[in-house]
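Below is one structure, written out as structure tokens; comments come after it.
The values are calculated or read from the model by the stated rules, or taken from the named source; none is laboratory data. All figures in this text were calculated on a predicted structure; none of them were measured in a lab. Cβ placement follows ideal geometry from the backbone for every residue including glycine, while neighbour counts extend to all protein chains displayed.
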Amino acid sequence: MYNQTVASAREPVRTEGFLDVLEMLTGVALILFMWSHMILVASVNLGPGVMNWIAAFLEHTYLAQTGGPAIFFLFLVHFVMAARKIPFRNPEQAKMWLHTVRFNHLDTWLWLVQAITAMIILIMGSIHMWTVLTDLPISAAKSAARIQGGWWLLFYLILLPMAELHVGIGFYRLGVKWGFITRANRTYFKGIENKLTLGFMAIGLITLVTFFFFISAARS
């Protein structure tokens, strides 16, 4: 009887541990993708020909056609894993807000920001990926046309900080959770996270300005 009780108690712990590892692995993969994606798109700042060459390489090697859906799937898996800990009901959200205010601890506020940005990214990120993947091939002129028309500039001005905040905080919190960031080096790594977040936001803003003002848009 004792052995059965211990075994039944261990099973949920193992399951939660597995899901936490899966959440970490998908999170790391998405962080690396987001940073790489930002750098590749920012290649337009070196000239539209540079971005077009990279886009053509991704097309010819089928990385765009296969990688895009794979990233979208990874995106959904990560959200489902992370959603286990996000309060969705109003009473739960009210308690979470109350505890956050009472604790007034930086890491608790960061978790709250990460949860809120996750909801926004789920919707806006899905729209972005669908729009790009259903309008292949990628080109500097196409991207410029999208940003120069309609509400897309405002859309990306909202998505950019949401994504970079989520990724930067995720990088920091993964280190804390898995023991890479300790009390001794927390300030140092928090500084790195802040610099990375601000740096990628700046790169993103410069890229949007380039698309909006300096790239000729291909309009039908």
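Mind checking which residues of the range 142-188 are modelled with pLDDT of 85 or more and among the charged types (D, E, K, R)?
Answer for the range 142-188, where residues must be modelled with pLDDT of 85 or more and among the charged types (D, E, K, R): K142, R146, E164.
Within the range 29-109, considering only helices (runs of 4 or more DSSP H) that don't extend past its boundaries, which have at least 3 residues that are surrounded by 15 or more Cβ atoms within 10 Å (Cβ to Cβ), under 23 Å from the mean Cα position of the chain (by Cα) and at pLDDT 75 or above?
Numbers: elements: 48-60, 63-83, 90-103.
So the answer is 48-60, 63-83.
Any residue at all in the range 149-164 that is farther than 30 Å from H105 by Cα and of a type in the set (V, I, T)?
Within the range 149-164, not a single residue is farther than 30 Å from H105 by Cα and of a type in the set (V, I, T).
Let me spell it out: the conditions are (1) surrounded by fewer than 12 Cβ atoms within 10 Å (Cβ to Cβ); (2) not in a helix (DSSP H, G or I), and G191 meets all of them except one. Which number is the exception?
The single condition G191 does not satisfy is (2).
Restricting to the range 132-168, and then to whatever is polar (S, T, N, Q) and in a loop (DSSP other than H, G, I, E, B), can you tell me which residue is surrounded by the fewest Cβ atoms within 10 Å (Cβ to Cβ)? Quick ask: steps written out before the conclusion?
As a first pass, look at the range 132-168 and keep what is polar (S, T, N, Q): 134, 139, 143, 148.
This time we only want the ones that are in a loop (DSSP other than H, G, I, E, B), so: 134, 139.
On the way: T134: 8, S139: 19.
The residue in question is T134.
I'd like the full set of residues that are more than 23 Å from the chain's Cα centre (by Cα) and modelled with pLDDT of 60 or more, limited to the range 1-28.
Once the filter is applied, which keeps residues that are more than 23 Å from the chain's Cα centre (by Cα) and modelled with pLDDT of 60 or more, the range 1-28 yields P12, V13, R14, T15.
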